[in-house]
Amino acid sequence: MTEEKKTFVNLKHARTQEQIDVMTQIEKDGVCPFCMENFLKYHPKPILDENENWVVTENMSPYEGTVHHFLFVCKRHFTMPNGMKDEEKKSLFDLINVMISKNEIIGGSILIRFGDMDYNGASVDHFHAHLIVGETNDGQREKIKVKVGFQKA
Ligand SMILES: [Zn+2]
């Protein structure tokens, strides 16, 4: 019986050279980079805040043009929304709200990709949420571009 090496990252979805380098190492190491025992080893940005279930940090490669791009990473490994405990649902939004008020955010977007990374463009298969904040729309600014999936033919 051969044991297939589980991979927690999807290199196809890396956007920057820094991500490609880190993710290549993660793939070699065969670990989940967002599980807390590995998180600080691979993630170059500090943890900004945390609660019982979540940590919040900056994205190592923020989407182009963002004012804020925070990542909320669960302290427990799971990948699908149905794997999320009730207390994790509540405490995720508690921590999002902490960051919204700390940073005086007036408007932004929350993005969660989940499950099979070939369906959503995610690069790490460990449940996490993005808080993405740009500038005000002055009628001329470029839109912030985000990948959420792939079009059917
Ligand atoms: Zn994990």
Karplus couplings for segment 125-135 from phi (6.51 cos²θ - 1.76 cosθ + 1.60, θ = phi - 60°), rounded to Hz, Gly and Pro as x? 9, 8, 4, 8, 10, 9, 10, 10, 10, x, 8
Using θ = phi - 60° and the Karplus form 6.51 cos²θ - 1.76 cosθ + 1.60, what ³J(HN,Hα) does each residue of segment 54-69 get, whole Hz, x for Gly and Pro? 9, 10, 10, 9, 8, 4, 5, 10, x, 4, 4, x, 7, 7, 10, 9
Pairing the Cα long axis of helix 17-29 with the longest principal axis of the chain, what angle in degrees results, from 0 to 90 and rounded to the nearest 10? 30
Assuming R0 = 41 Å, what is the FRET efficiency of K28 and E87, from their Cβ-Cβ distance, to the nearest 0.05? 0.75
Select from G139, G108, G65 the residue whose mean-square fluctuation is largest in a Gaussian network model of the chain (Cα-Cα springs shorter than 10 Å). G139
Find how many whole Å separate the alpha carbon centroid of segment 92-127 from the alpha carbon centroid of segment 17-33. 21
Most exposed first by the Cβ proxy, i.e. fewest other Cβ within 10 Å, how do H68, H43 rank? H68, H43
Going through the cross-link list K12/K90; K89/K145; K6/K89; K6/K143; K45/K147; K28/K75, which pairs have a Cα-Cα distance over 30 Å in this structure? K12/K90; K6/K143
What ranking do S123, S91 get, fewest neighbouring Cβ atoms within 10 angstrom at the top? S91, S123
So what is the calculated 222 nm ellipticity per residue for the chain, using -39500 (n - 2.57) for each DSSP H run with n of 4 or more, over all residues, to the nearest 500 deg cm²/dmol? -7500 deg cm²/dmol
Report the normalised scattering of the chain as log10 I(q)/I(0) at q = 0.11, 0.20 Å⁻¹, calculated by the Debye formula with identical scatterers on the alpha carbons. -0.45, -1.44
In whole Hz and in residue order, list the ³J(HN,Hα) couplings for segment 92-103 that follow from phi through the Karplus curve 6.51 cos²θ - 1.76 cosθ + 1.60, θ = phi - 60°; x for Gly and Pro. 4, 6, 4, 6, 4, 5, 4, 5, 5, 6, 4, 9
Please state the Cα pair-distance histogram of segment 45-133 with 5 angstrom bins from zero: what percent is in each bin? 3, 14, 26, 26, 19, 10, 2
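Read-outs throughout are calculated quantities, based only on the coordinates presented, and are distinct from any laboratory measurement. Values in this document were obtained by computation on a predicted structure and should not be read as measured data. We place every Cβ from the backbone using ideal geometry, glycine too, and count neighbours over all the protein chains shown.
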